[in-house]
């Protein structure tokens, strides 16, 4: 069983898109949602746009990291997420980022884990601290 943490983000109709995304996670048999932090609002970092809604989730799964990543990207797409390959910093309907995976420390599938931005941004570290469990 893999324990991992997701940072949820949205600045396009977050009241609708985050609820829809969380419902899809909770209804799935692939991911078990163990805990969700208090929702936080923060200024958009690195882009113009509305404030972001952020929340951290503690989850477990029997899926591999790659399978989990694909599953979360499918939920993002269902919620209307459109990625701009030329610009990482754009408004988004739903962002589901794996920020911590088991006790892994290194590069997995091109992602640095734990996410180095945890130490840089309160909008990640504060909600994560609420749900983190060793």
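Bear in mind these aren't lab numbers, they're just calculated from the coordinates by the rules spelled out. Values in this document were obtained by computation on a predicted structure and should not be read as measured data. Cβ atoms come from the backbone with ideal geometry, glycine included; neighbour counts cover every protein chain shown.
Extension gain, residue 34-residue 112: 0.36 nm per intervening residue step, less the Cα-Cα distance, totals 25.7 nm. Using 0.36 nm per residue and subtracting the Cα-Cα separation, the extra length available between residue 45 and residue 105 on full extension is 19.1 nm.
Roughly speaking, what is the stretch gain from residue 15 to residue 66, that is 0.36 nm per residue apart minus the C-alpha to C-alpha distance, in nm to one decimal? Numbers along the way, then the final one.
Details: separation 51, 0.36 × 51 = 18.36 nm, distance 2.81 nm.
Extra length from residue 15 to residue 66 when fully extended: 15.5 nm.
The modelled label-to-label distance between residue 132 and residue 73, using points 7 Å beyond Cα along the C-beta direction, is 2.8 nm.
What percent do you get for the relative contact order of the chain when only Cα pairs under 8 Å and 6+ apart count?
Working: 246 pairs, mean separation 48.2, N = 134.
Dividing the mean separation by the residue count of the chain yields 36 percent.
Computed on the Cα atoms alone, the convex hull of the stretch 1-43 gives a volume of 79 cubic angstrom per residue. Oblate is the label for the stretch 83-134. Its Cα gyration tensor axes, ordered a ≥ b ≥ c, give a/c of at least 1.5 and b/c at or above a/b.
Let a ≥ b ≥ c be the square roots of the eigenvalues of the Cα gyration tensor of the chain; is it rounded (a/c under 1.5), or, if not, prolate (a/b larger than b/c) or oblate? Note, shape of the chain comes out rounded. The Stokes-Einstein estimate for the stretch 63-111, based on a Kirkwood radius over Cα pairs and taken at 20 °C with 1.002 mPa s viscosity, is a diffusion coefficient of 176 µm²/s. Spin-label pair residue 84-residue 3: with each label point 7 Å from Cα along the Cα-Cβ axis, the two points sit 3.8 nm from one another.
Compare the peptides 11-22, 56-67, 101-112 by average per-residue count of other Cβ atoms within 10 angstrom and give them in order, highest first.
Output ranking for 11-22, 56-67, 101-112: 11-22, 56-67, 101-112.
Which whole-number percent gives the relative contact order of the stretch 85-134, counting Cα pairs below 8 Å spaced six or more residues apart? Rounded, it is 21 percent for the stretch 85-134.
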